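Below you'll find the structure I mean.
The values are calculated or read from the model by the stated rules, or taken from the named source; none is laboratory data. Just so you know, these numbers come straight off a predicted model, no measurement behind them. Ideal geometry is used to build each Cβ from the backbone, glycine not excepted, and the neighbour counts take in all protein chains shown. Keep in mind that these areas ignore ligands, DNA and RNA; they rest on the heavy atoms of the full protein, side chains included. Shrake-Rupley method; radii C 1.70, N 1.55, O 1.52, S 1.80 Å.
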Amino acid sequence: MTDKLTPEQQLQKAQEQLKAREADLFRINQEVYKKNLELLKQKRRLETILYNMAESVFVLDERYCFTLFNNTAQKLLGYSEGEVMGKDCDAVLNLDDNKGVKVKVLGMINLSSDSSAYVKQDFTLHSKHGDRVVNINVSQVQLAYEERIEYVVLMKDITVEKEIAKLKDEFIGIVSHELRTPMTAVKGYLWMLATGRGGELTEKAKGYLGKAIHGSDR
């Protein structure tokens, strides 16, 4: 069929086919651009959420070097993201366990694998802003498309909660002591009355006395 076309017609047909392919390529490029734009928007949305979480979040690579350091972590540890990116975690994180023993990143990851033990344990973080009590959880993430592992560390500052719990315990201890001292004397006098040291009591008085003793014991 093409043999019957003149050279001019063949050239025109080739140009038309080229324009059609260019139009198809343009549409494909537009679709790819839109997809990439959507992915970029989603990535920025997730980064915004992650960077503004109430808990400190940072990510370590297989060499335990920082690859992400959110805003709360920056405030808690006193380092900017630029200061820690690519640095070894042990060179930045100054952490002790509840026995005062220094905790390295590998030990932190191993502890986190035992969730039952980890939940019960608090850590002391020595930061630029002073000592803080923190709770830590580490999640291992397998990046299949890159064939590597990263560690997502969630660190929650529980200093205020621990201080409140300590104040509550101290308050209960003080109140218990302040109540126990006079109650001991009251129970002593009630015992003396019950044993007849204060003289004979009427049946009605004995009833009242029994209730008083029961109430003081309770």
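When you check Lys102 against the structure, is it at pLDDT 85 or above, loosely packed, with under 15 Cβ neighbours inside 10 Å and under 21 Å from Asp157 (Cβ atoms), yes or no? Even if it seems obvious, please write down each step before you answer.
Values: at pLDDT 85 or above: yes; loosely packed, with under 15 Cβ neighbours inside 10 Å: yes; under 21 Å from Asp157 (Cβ atoms): yes.
Yes: the conditions hold for Lys102.
Could you please let me know if Glu163 is surrounded by 14 or more Cβ atoms within 10 Å (Cβ to Cβ), over 16 Å from the mean Cα position of the chain (by Cα) and modelled with pLDDT of 85 or more?
On the way: surrounded by 14 or more Cβ atoms within 10 Å (Cβ to Cβ): no; over 16 Å from the mean Cα position of the chain (by Cα): yes; modelled with pLDDT of 85 or more: yes.
Answer is no for this residue.
So is Leu179 among the aliphatic types (A, V, I, L, M), farther than 30 Å from Asn70 by Cα and open to solvent by 70 Å² or more (accessible area, probe 1.4 Å) or not?
Details: among the aliphatic types (A, V, I, L, M): yes; farther than 30 Å from Asn70 by Cα: yes; open to solvent by 70 Å² or more (accessible area, probe 1.4 Å): yes.
Taking the combined requirement at face value, the residue satisfies it.
Filter segment 144-160 for residues that are surrounded by 11 or more Cβ atoms within 10 Å (Cβ to Cβ) and over 14 Å from the mean Cα position of the chain (by Cα) and give the result.
Filtering segment 144-160 down to residues surrounded by 11 or more Cβ atoms within 10 Å (Cβ to Cβ) leaves 148-159.
If the condition is that a residue be surrounded by 11 or more Cβ atoms within 10 Å (Cβ to Cβ) and over 14 Å from the mean Cα position of the chain (by Cα), then Arg148, Ile149, Glu150 are the ones that fit.
Could you list, in sequence order, the residues of segment 64-82 that are outside any loop (DSSP other than H, G, I, E, B), over 18 Å from Ser127 (Cβ atoms) and in contact (Cβ under 8 Å) with a residue 40 or more places away in the chain?
Here is the first cut: in segment 64-82, the residues outside any loop (DSSP other than H, G, I, E, B) are 65-69, 71-77, 81-82.
Still in the list and also over 18 Å from Ser127 (Cβ atoms): 65, 67-68.
Passing the criteria: only Thr67.
Sticking with this structure for a sec: Could you grab me the full set of residues in segment 29-50 that are open to solvent by less than 90 Å² (accessible area, probe 1.4 Å) and more than 30 Å from Phe69 (Cα to Cα)?
Across segment 29-50, the qualifying residues are Asn29, Gln30, Val32.
With touching a strand residue (DSSP E or B) at 6+ places or on another chain (Cβ under 9 Å), part of a loop (DSSP other than H, G, I, E, B) and either surrounded by 11 or more Cβ atoms within 10 Å (Cβ to Cβ) or at pLDDT below 85 (or both) as the only criterion, which of Gln140, Gln121 stands out?
Details: Gln140 fails: part of a loop (DSSP other than H, G, I, E, B).
None of the other options fit; the residue is Gln121.
Next question, about the same structure. May I ask you to say which residue of Leu39, Leu25, Leu50, Leu46 is touching a residue at least 12 places away in the same chain (Cβ under 8 Å) and out of contact with any Gly (no Cβ under 6 Å at 6 or more places or on another chain)?
Details: Leu39 fails: touching a residue at least 12 places away in the same chain (Cβ under 8 Å); Leu25 fails: touching a residue at least 12 places away in the same chain (Cβ under 8 Å); Leu46 fails: touching a residue at least 12 places away in the same chain (Cβ under 8 Å).
Exactly one residue qualifies, and that residue is Leu50.
Among the listed residues Ala212, Ala205, Ala185, which satisfies the condition of being surrounded by 14 or more Cβ atoms within 10 Å (Cβ to Cβ), of a type in the set (Gly, Ala, Ser) and farther than 30 Å from Leu60 by Cβ? Don't jump to the end; show me each part of the working.
On the way: Ala205 fails: surrounded by 14 or more Cβ atoms within 10 Å (Cβ to Cβ); Ala185 fails: surrounded by 14 or more Cβ atoms within 10 Å (Cβ to Cβ).
The unique qualifying residue is Ala212.
Still on this structure, I have one more. Any chance segment 45-63 includes a residue that's within 27 Å of the chain's Cα centre (by Cα), basic (Lys, Arg) and either part of a loop (DSSP other than H, G, I, E, B) or over 30 Å from Val141 (Cβ atoms) (or both)? So that I can check it myself, show each step before the final result.
Of all residues in segment 45-63, those within 27 Å of the chain's Cα centre (by Cα) come to 45-63.
Now narrow it down to the ones that are basic (Lys, Arg): 45, 63.
Restricting the remaining residues to those that are either part of a loop (DSSP other than H, G, I, E, B) or over 30 Å from Val141 (Cβ atoms) (or both) gives 63.
Yes, because at least one residue in segment 45-63 is within 27 Å of the chain's Cα centre (by Cα), basic (Lys, Arg) and either part of a loop (DSSP other than H, G, I, E, B) or over 30 Å from Val141 (Cβ atoms) (or both).
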